[in-house]
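K.L.:
One structure, pasted below without further comment.
The values are calculated or read from the model by the stated rules, or taken from the named source; none is laboratory data. Computed from a prediction, not measured in an experiment: that's the story for all the values here. Here the Cβ is made from the backbone with ideal geometry for all residues, glycine too, and neighbour counts use every protein chain on show. The area values use the complete protein model at the heavy-atom level, side chains included, leaving out ligands, DNA and RNA. Shrake-Rupley method; radii C 1.70, N 1.55, O 1.52, S 1.80 Å.
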Amino acid sequence: MQSIIAFIVVFGSIVFFHELGHFIFAKRSGILVREFAIGFGPKIIGINKGETLYTVRLLPMGGYVRMAGDDADVIELQPGYRIGMLLNNQNEVTKIVLNQNKQLPDMLFLEVEKADLQKELWVEGYDEDEKLVRYHIARNAVIEENGSELIIAPYDRQFNSKSVGKRAMTIFAGPLFNFILSVFIFIIIAFITGVPTYEPVIAGVVKDSPAAVAGMQKGDVVTSIDGKSIDSWQELSDAIQKNPKKDLTLDVTRGDSHKTLTVTPEKKDIEGQSIGQIGVQYQSPVEKNPAKALLFGFTETYHWIIKIFTILGALITGGFTIDALSGPVGIYKATEEVAKYGVVNIMNWAAVLSINLGIMNLLPLPALDGGRLLFFGFEALRGKPVDRQKEGMVHFVGIVLLMILMIAVTWNDIQRFFF
């Protein structure tokens, strides 16, 4: 149960913040948002607030923000439709009822001749006296069909009516909020545990190791190697690993005294590569500093962005395998393992996952945010949008391929972890 709760909180949070980015910038751009969904598939919970439906859906594989102007969002009143209408005090249509199985008080009936529900907002047709009449439609009018209501979306409130910049920012905001979430989490971690200083302080010495033979002790601070000053544990580690079987002169500070030690790293073969080791342990000292805690959120996020891009590059150049990917099952199992080591480790895992989701969504692949941004780039260069049908087909193919990949990855995860 602890693992399930941890998975729901971690995965739900990063998906929620991703979609929240899309949602906030869509609203700021004046786009009508029809639904804010966490998950896919059948609806578990649905709450209507204002003009947006907020839902939690069955399959925890992501989420979406459905904006007015999508292909599935087109509302048309075809000639010959018989509709019911409710009017306000200004004689504007506030509700249009299709397939009327009930009659509301003050409802007027009209046989549609033609209508414009996007730009000029009117409907024209024959009333019960067979007289041709026209009514203006309110901007917030509702269409009801079989008990389900849908607010009309004037063209200026549709996604595709906005400038390239606003559309691009609305799409980019999802990954951006994933990075913001990771910064926020790392800041909280820094306030809880302190900020690592990464100083080259020896936390422990393995018995009979080259470090012990050289006289190194717990608490020693290494200040230089072969006369070259060092400031971080990474510099010390790199120098040792690159010089197996070579004598190194280390200057160390021990309390109030300074000592010079000579150590010879022993040679170890790891994954076909020879590296040097001297047998010391490391535990980064930390300091409680609010200013450094804030900075740590940004530097740690940047560090992981670079690291994930490095791993992606290695995957591409070193040969891609499906075992390098994980779906919801793999993420659940990893979360289950991380949850054993406490809340701070779960928070760190959530921050890294959030960065990973942001980067993956920015890849220029169809159906992903990066693929849509790529089309916006083409539009900006050409000065006109790419044909919507062609773009839609590319994204559709992308969605199908991604779903196939997701199924393959999930099945691979199930076999790997349960069989």
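K.L.:
Straight-line reach only, C-alpha to C-alpha below 27 angstrom: list the lysines that Lys245 could link to, leaving out same-chain residues fewer than 8 apart.
P.N.:
Lys207, Lys218, Lys228, Lys259, Lys267, Lys268
K.L.:
For the chain, give me the percentage of DSSP beta bridges that are antiparallel, rounded to the nearest 5 percent.
P.N.:
Of all bridge pairs located within the chain, approximately 85 percent are antiparallel.
K.L.:
With springs only between Cα atoms under 10 Å apart, run a GNM on the chain and tell me which of Ile311, Ile346, Ile24 wobbles the most.
P.N.:
In this elastic network of the chain, the residue with the biggest mean-square fluctuation among Ile311, Ile346, Ile24 is Ile311.
K.L.:
So, in nm, how far is label Gln273 from label Glu51 when the simple model puts each one 7 Å beyond its Cα toward the Cβ?
P.N.:
5.5 nm
K.L.:
For Ser232 and Lys245, compute 0.36 nm times the residue count separating them, minus their Cα-Cα distance, and round to one decimal in nm.
P.N.:
Extra length available between Ser232 and Lys245 comes to 2.4 nm.
K.L.:
When the accessible area of the chain is split by element with a 1.4 Å probe, what percent falls to carbon and sulfur?
P.N.:
58 percent
K.L.:
So, one more: Leaving out ligands and nucleic acids, and using a 1.4 Å probe, what accessible area per residue does the chain come to in Å²?
P.N.:
Result: 57 Å² per residue.
K.L.:
Could you tell me the distance between the Cα centroids of the stretch 191-268 and the stretch 389-419, to the nearest Å?
P.N.:
48 Å
K.L.:
Measure nothing but the geometry: give the 0 to 90° angle between the long axis through the Cα atoms of 369-382 and the longest principal axis through the Cα atoms of the chain, rounded to 10°.
P.N.:
70 degrees
K.L.:
Please find, in a Gaussian network model of the chain (springs between Cα atoms separated by less than 10 Å), the residue of Ile305, Ile180, Ile202 whose mean-square fluctuation is greatest.
P.N.:
With Cα springs under 10 Å in the chain, the top fluctuation among Ile305, Ile180, Ile202 is at Ile202.
K.L.:
Could I ask something else about it? Could you tell me which of rounded, prolate or oblate describes the stretch 102-228, using a ≥ b ≥ c as the square roots of the eigenvalues of the alpha-carbon gyration tensor, with rounded for a/c under 1.5 and, failing that, prolate when a/b is larger than b/c and oblate otherwise?
P.N.:
prolate
K.L.:
What does the net charge come to around Val329 if you take all other residues with beta carbon closer than 12 Å to its beta carbon, with K and R at +1 and D and E at -1?
P.N.:
Net charge around Val329: 0.
K.L.:
Can I ask one more? Once you place label points 7 Å from the Cα toward the Cβ at Val164 and Leu365, how far apart are they in nm?
P.N.:
My value for the distance between the label points is 2.6 nm.
K.L.:
About the Cα centre of the chain, how large is the charge dipole given +1 on each Lys and Arg Cβ and -1 on each Asp and Glu Cβ? Please answer in debye to the nearest 20.
P.N.:
Computed charge dipole of the chain: roughly 880 debye.
K.L.:
Same structure again: Report, by chain and number, residues whose modeled amide H sits under 5 Å from the one on Gly62, excluding near sequence neighbours (fewer than 5 apart, same chain).
P.N.:
Gly39, Phe40
K.L.:
With axes computed from alpha carbons, what is the tilt in degrees of helix 290-318 against the longest principal axis of the chain, rounded to the nearest 10 within 0 to 90?
P.N.:
90 degrees
K.L.:
Next up: Taking the chain as the region of interest, what is the percent of Cα-Cα pairs per 10 angstrom bin, listed from the shortest bin to the one with the maximum distance?
P.N.:
4, 15, 20, 20, 15, 11, 6, 3, 3, 1, 0
K.L.:
I want to verify a result. In a Gaussian network model of the chain, Cα cutoff 10 Å, which of these has the top mean-square fluctuation: Ile359, Ile38, Ile96?
P.N.:
Of Ile359, Ile38, Ile96, the most mobile in the Gaussian network model is Ile96.
K.L.:
Classify the stretch 216-295 as rounded, prolate or oblate, taking a ≥ b ≥ c as the square roots of the eigenvalues of its Cα gyration tensor: rounded when a/c is under 1.5, otherwise prolate if a/b is larger than b/c and oblate if not.
P.N.:
In terms of gyration-tensor shape, oblate.
K.L.:
Under the rule a/c < 1.5 gives rounded, and otherwise a/b versus b/c splits prolate from oblate, where does the stretch 181-224 land using the Cα gyration tensor?
P.N.:
Since a/c reaches 1.5 and a/b is larger than b/c, the shape of the stretch 181-224 is classed as prolate.
K.L.:
Okay, next question. What does the charge add up to near Pro79, with Lys and Arg as +1, Asp and Glu as -1, over the other residues with Cβ less than 12 Å from its Cβ?
P.N.:
Summing Lys/Arg as +1 and Asp/Glu as -1 gives -2.
K.L.:
Give the calculated FRET efficiency between Tyr282 and Arg28 to the nearest 0.05, with a Förster radius of 51 Å applied to their Cβ-Cβ distance.
P.N.:
0.65
K.L.:
Could I ask something else about it? Would you check the accessible area of Tyr341, probe 1.4 Å, heavy atoms only, in square angstrom rounded to 10?
P.N.:
For Tyr341, the solvent-accessible surface is approximately 150 Å².
K.L.:
Hey, another quick one. Sort Met85, Met406 by accessible area with a 1.4 Å probe, largest first.
P.N.:
Per-residue accessible area, sorted high to low, gives Met406, Met85.
K.L.:
Pop a pseudo-label 7 angstrom from the Cα along the beta-carbon direction at both Thr299 and Val400 and give the gap in nm to one decimal.
P.N.:
5.0 nm
K.L.:
Tell me the angle of helix 388-418 to the major Cα principal axis of the chain, expressed in degrees between 0 and 90 and rounded to the nearest ten.
P.N.:
That helix lies at roughly 50 degrees to the long axis.
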